Structures are given as C-alpha cells and as structure tokens.
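What follows is a single structure, and I will ask about it in a moment.
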Amino acid sequence: MAVWNGEATLPAALRSLQRQTFRDWRLIAVDDGSTDRTPEILERAGVDAIRVEHGGVVSALRAAARRSDAPLVARMDADDLCHRERLAEQMKVKADVVATRVKVTGPEGLRHYARWQNSLVSHDEIVNGMFIESPIANPSALFTRDAYEKAGGGRDVEWPEDYDLWHRMREAGARFAKVPRVLVAWRDRPNRLTRTHAMYSEKAIYAMKLHYLARHEFVKRPLTVWGAGPIGRAWMRDLKTRGVAIEQAIDIDPRKIGRVVAGGVRVVTPEEALKRGGPILGAVGSRGARALIKSRLLAESRVEGRDFLFVA
C-alpha cells in the first residue's frame with residue numbers, strides 16, 4: 001500500500017484489511033512523504049511502514065516490493081475498502097494475476113466503467129478487453145512475484161503504471177482471472193490520482209494502447225478496421241505510422257461507403273469486408289455499437305482475440 005496524506009481514509013482501509021479471514025499475510029505500507037497524521041496512524045496500527053520522500057506512487061510501490069520476499073503480492077489503496085473474504089477468495093484461484101469485482105462510488109461514467117470491468121472474469125475476457133480500458137482495478141489485484149518480476153516489475157512510465165504492468169504481464173505470458181464477487185470498494189474522490197495526474201489522461205492512455213497494440217501479434221497481418229468515424233480514423237492513421245497495414249475500413253453509414261479515409265483506406269460494407277476475411281479491429285465509440293459488432297462477428301464464427309479485437 002502506498003499512501004500520501006491519507007489520514008481521512010487510511011484508518012477505514014486498515015480496518016478492512018485487519019479483519020481478513022485469511023490470516024497469513026502482512027501489510028507493507030509506504031508513507032510517500034505525508035505531511036498529515038498518516039505516519040502516526042500507521043505506527044498505531046503496528047504495520048510494517050516505510051517512510052520515503054514524496055516521489056509518487058510508482059517509486060513508493062517499488063520500495064514496498066523490495067521490502068517484501070513473499071511469493072504472492074496483493075495491492076490495496078489507502079482510500080479503498082476490502083471485503084473480509086477478499087484474500088481468502090483470491091487465494092482459491094490459480095492464476096498469475098487474480099483480481100476481484102469492485103463496487104464504485106462516483107459519477108455514472110465511472111460506474112459504467114466498473115460494470116464493464118466486472119463483466120470480464122476469464123483470462124480471455126480480460127486480455128481481449130485490454131485495449132479498450134484497464135480490465136483490472138489495481139487495488140483489487142493479487143499477483144505472483146514470479147509474474148511481476150518476469151514482466152520487469154513496476155516502471156515509471158508516461159501512462160498509468162498499473163495498466164502498463166498488466167500489458168507487460170500479458171506479453172510475458174501471464175494468466176489472468178477475476179473472482180466473480182464484489183470484494184473491493186473502489187472509492188472515487190475529486191483529488192484521486194487518476195483524476196489529477198497527466199499520466200491518467202485520455203491522451204496518455206491512448207498512447208499506451210497504441211504502443212502495445214503496434215507490437216501485438218494481431219496486427220502482423222493486414223487489418224480491416226470496423227469504424228470509419230473519428231475513433232477508427234485515428235487508429236488507422238496512427239497504426240499506419242507504425243508500419244501496420246490497413247486493408248479496408250467498415251462502416252454501416254451509406255454516406256461513407258466507397259469513400260477513402262485515413263490516407264488511402266477504402267470504406268466498405270460489413271458484407272463486402274466479411275467475404276474477404278482477415279483480422280478485424282473494432283474501433284467505434286457509440287455506446288452499444290461494440291456489442292452489436294461482436295454479436296455479428298460471433299455469428300460468423302469469428303473468435304475474439306484471434307479473428308477480431310476491440311480498441312477504444
């Protein structure tokens with residue numbers, strides 16, 4: 001657990017950990033240069049606390065990882081809460097990374113994101129969703145030290161450090177899973193890091209997804225991009241600059257059929273594109289459109305992750 005000026009939420013987070021039914025664990029808390037009562041709260045709780053100069057969440061979590069020698073590592077944030085059976089349930093699941101479903105308090109957009117995230121439980125669902133958004137709530141994650149170190153550990157990057165870690169673990173062959181129970185309360189606050197730091201901006205997250213997709217096996221063959229709107233055109237342009245071949249684009253708007261977009265990509269109907277075959281990258285923004293496209297492709301016996309993949 002990394003904590004910076006967490007006096008308002010830290011006591012409740014600690015209580016939720018202390019009442020875990022699984023008992024063979026210890027908490028390593030890194031006080032990231034707090035100027036409030038955080039050091040006093042950690043001392044009173046009797047946890048293994050490390051005091052460092054304020055350097056951000058990545059350096060704090062690296063300090064925690066260096067202190068630990070356990071084969072399994074669980075994450076927790078100082079402003080969230082754990083169900084008493086969280087660790088016990090995660091320990092039952094055999095995978096390199098085991099997350100849980102989460103309950104979110106916050107605006108509708110965040111709750112919509114949590115509903116999507118909670119729908120991804122199996123390994124295939126999680127890795128196939130990784131180019132849409134982060135499929136794992138970081139404070140719900142438990143992972144093996146072996147998988148963490150094989151992926152290169154925590155890195156200070158220009159985009160979300162946890163999302164970057166999941167991608168590197170995916171590339172290193174890690175297996176993912178999620179306990180299909182809500183076992184973490186993910187509490188949104190106006191000053192939460194994900195709302196205030198530039199590395200969590202849409203621009204930074206898009207750059208990260210582009211970085212990892214451009215070296216994914218899926219794009220080694222010429223692609224069809226389903227979506228000739230702003231999102232699809234952006235992906236086509238940026239993938240082409242990284243050497244990815246874009247064969248055609250799909251759209252259902254009759255006004256777009258036959259047009260050329262993104263520097264030479266012809267727009268065709270779904271029927272024409274599906275006759276030609278090849279991998280399809282779904283890049284649409286309208287709510288519900290992704291589900292309709294997926295339904296159509298599954299009906300054509302296409303396999304997600306092999307024959308089609310979605311980005312956002």
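Does R115 meet the test of being more than 29 Å from A29 (Cα to Cα), out of contact with any helix residue (DSSP H, G or I) (no Cβ under 6 Å at 6 or more places or on another chain) and not polar (S, T, N, Q)?
Considered against the rule, which asks whether it is more than 29 Å from A29 (Cα to Cα), out of contact with any helix residue (DSSP H, G or I) (no Cβ under 6 Å at 6 or more places or on another chain) and not polar (S, T, N, Q), R115 comes out as yes.
Residue by residue through region 142-155, note down the ones that are in contact (Cβ under 8 Å) with a residue 60 or more places away in the chain, of a type in the set (A, V, I, L, M, F, W, C) and touching a helix residue (DSSP H, G or I) at 6+ places or on another chain (Cβ under 7 Å).
L142
Rundown of residues vs (1) closer than 14 Å to R75 by Cα; (2) loosely packed, with under 15 Cβ neighbours inside 10 Å; (3) without any contact (Cβ under 8 Å) to a residue 60 or more places away in the chain, yes/no style:
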position	(1), (2), (3)
T9	no, no, no
Q18	no, yes, yes
D31	no, no, yes
D36	no, yes, yes
A49	no, no, yes
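To continue, here is another question. Being farther than 27 Å from L297 by Cα and modelled with pLDDT of 95 or more narrows it down to one of R242, R181, R259, so name that one. Break it down into steps so the answer makes sense when it comes.
Details: R242 fails: farther than 27 Å from L297 by Cα; R259 fails: farther than 27 Å from L297 by Cα.
That would be R181, the only listed residue that is farther than 27 Å from L297 by Cα and modelled with pLDDT of 95 or more.
Please determine, by comparing only the residues of region 123-141 that are touching a residue at least 60 places away in the same chain (Cβ under 8 Å) and more than 19 Å from E202 (Cβ to Cβ), which one is farthest from the chain's Cα centre (by Cα).
Filtering region 123-141 for residues that are touching a residue at least 60 places away in the same chain (Cβ under 8 Å) and more than 19 Å from E202 (Cβ to Cβ), the one farthest from the chain's Cα centre (by Cα) comes out as D124.
Among the listed residues V57, V93, V73, V98, which satisfies the condition of being surrounded by fewer than 17 Cβ atoms within 10 Å (Cβ to Cβ) and in contact (Cβ under 8 Å) with a residue 60 or more places away in the chain?
One residue alone meets the criteria, V93.
Cβ-Cβ distance below 9 Å, separation of 6 or more or different chains: which pairs start in region 237-255 with a residue that is touching a residue at least 40 places away in the same chain (Cβ under 8 Å) and within 16 Å of F218 (Cα to Cα) and end on one that is crowded, with 17+ Cβ neighbours inside 10 Å and among the hydroxyl-bearing types (S, T, Y)?
Note: no pairs meet the criteria.
Something else now. So which helices (runs of 4 or more DSSP H) stay within region 218-312 end to end and still have 3 or more residues that are basic (K, R) and more than 18 Å from E125 (Cα to Cα)? Before you say what the answer is, go through the steps one by one.
Values: elements: 230-241, 270-276, 289-299.
So the answer is 230-241.
Condition check ((1) over 20 Å from V97 (Cβ atoms); (2) touching a Leu at 6+ places or on another chain (Cβ under 7 Å)) across all residues:
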{"site": "L10", "(1), (2)": "yes, no"}
{"site": "L14", "(1), (2)": "yes, no"}
{"site": "S34", "(1), (2)": "yes, no"}
{"site": "I50", "(1), (2)": "yes, no"}
{"site": "H54", "(1), (2)": "yes, no"}
{"site": "V57", "(1), (2)": "no, yes"}
{"site": "R67", "(1), (2)": "yes, no"}
{"site": "P71", "(1), (2)": "no, no"}
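Run down V284, V267, V260 and say which single residue is among the β-branched types (V, I, T), more than 23 Å from the chain's Cα centre (by Cα) and surrounded by 14 or more Cβ atoms within 10 Å (Cβ to Cβ).
Checking each option against the conditions leaves just V267.
The values are calculated or read from the model by the stated rules, or taken from the named source; none is laboratory data. Not measured: the values here are computed from a predicted model. Neighbour counts are summed over all protein chains in view; Cβ atoms, including those assigned to glycine, are modelled from backbone coordinates with ideal geometry.
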